[in-house]
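Below: the structure, in structure tokens.
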Amino acid sequence: MQIPDRGTTRPDGAPAAPSSRRRLRLRALDWALGALGMLGIGFLALLVFWLSITRPVDDTGASPSPVPSPSATAGGTRATPPPDLADDQVWLGDISLDASSVFAAGTPLHDVVATGTDVTSGPDGLVARHLDLTATVPFEVVAAELGPGSTLSAAEGGEVRVHTRMEAMGRTLSVAATGTVDVVDGKLVLVPTSIDIGGPEFLADLLADAVRELVTFEHRIEGLPDGVILRSVKVLDGGFRANLTGDDVRLVQ
């Protein structure tokens with residue numbers, strides 16, 4: 001005679017329900033598996049985050065230092081120190097100067113903008129391989145060369161207006177003229193395009209040569225380092241805006 005398994009079947013022949021202890025064991029196993037899964041996901045997330053913000057250490061045990069990149073010069077190229085740079089010399093890739101006014105050799109210049117490229121400082125002074133300089137020459141500086149009472153001002157079309165006077169036989173003649181300004185042999189040159197002496201036309205024709213010579217002028221900008229050459233000029237309200245350049249310019253003795 002067989003005795004029925006009370007843990008698996010009931011007296012009426014139906015399958016027996018699991019015991020409460022077995023149910024607790026299954027629930028504890030499910031909780032443990034869930035907890036282990038959550039811990040695994042958290043560890044994986046921390047590992048990914050750590051790898052994203054760090055990098056491998058090099059063979060020397062120190063992180064590499066950033067390498068500075070040379071700055072570009074005004075011309076768009078990268079200047080490099082000369083190979084024969086001595087220990088008592090200092091090299092600068094470029095230097096710049098902005099000044100509202102500069103006074104040198106008795107000559108005032110306004111709104112000065114200068115850029116020196118490949119500059120070397122040493123026993124011979126401060127030398128720039130290339131210098132680009134822009135400045136305004138005031139009208140009164142040039143007008144003083146025409147004589148007392150002379151004035152210059154900007155005219156239409158980029159020309160300049162000249163007011164001066166000439167003396168002849170104890171009399172004074174007022175002269176007004178306009179002209180173009182150009183660069184000739186490194187000098188600022190005015191060539192008159194119209195002349196007015198306020199009298200009859202035949203008188204203007206008679207005095208044309210003398211008057212034209214009176215209002216035609218040449219001006220060399222003084223006080224600049226040797227080797228700097230005037231390249232272009234234009235007329236502004238306050239004076240002549242000049243652009244000058246030079247190579248191997250000694251900035252400071």
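Filtering Val142, Val90, Val162 for residues that are open to solvent by 70 Å² or more (accessible area, probe 1.4 Å), more than 22 Å from the chain's Cα centre (by Cα) and in contact (Cβ under 8 Å) with a residue 12 or more places away in the chain leaves a single hit, Val90. Checked against (1) open to solvent by 40 Å² or more (accessible area, probe 1.4 Å); (2) at pLDDT below 90, Ala177 passes all but a single condition, namely (1). Scan the stretch 234-253 for residues that are open to solvent by less than 30 Å² (accessible area, probe 1.4 Å), of a type in the set (A, V, I, L, M) and within 18 Å of Thr107 (Cβ to Cβ) and the total you get is 3. So, Thr136, is that one farther than 19 Å from Lys234 by Cα and part of a strand (DSSP E or B) or not? Criteria not met by Thr136.
When you check Thr180 against the structure, is it assigned to a strand (DSSP E or B) and closer than 30 Å to Pro81 by Cα, yes or no?
Criteria not met by Thr180.
Test each condition in (1) more than 22 Å from Gly106 (Cβ to Cβ); (2) open to solvent by less than 40 Å² (accessible area, probe 1.4 Å) for Asp132 and report the one that comes out false. Against the list (1) more than 22 Å from Gly106 (Cβ to Cβ); (2) open to solvent by less than 40 Å² (accessible area, probe 1.4 Å), Asp132 comes up short only on (2). Under 30 Å from Arg250 (Cβ atoms), among the polar types (S, T, N, Q) and in contact with a Gly (Cβ under 7 Å, 6 or more places away or on another chain) - does that describe any residue in the stretch 172-179? No: the stretch 172-179 contains no residue that is under 30 Å from Arg250 (Cβ atoms), among the polar types (S, T, N, Q) and in contact with a Gly (Cβ under 7 Å, 6 or more places away or on another chain).
The values are calculated or read from the model by the stated rules, or taken from the named source; none is laboratory data. Predicted model only: the values in this text are computed from it and were never measured. Here the Cβ is made from the backbone with ideal geometry for all residues, glycine too, and neighbour counts use every protein chain on show. Side chains are part of the model used for accessible areas, which takes the heavy atoms of the whole protein and leaves out ligands, DNA and RNA. Shrake-Rupley method; radii C 1.70, N 1.55, O 1.52, S 1.80 Å.
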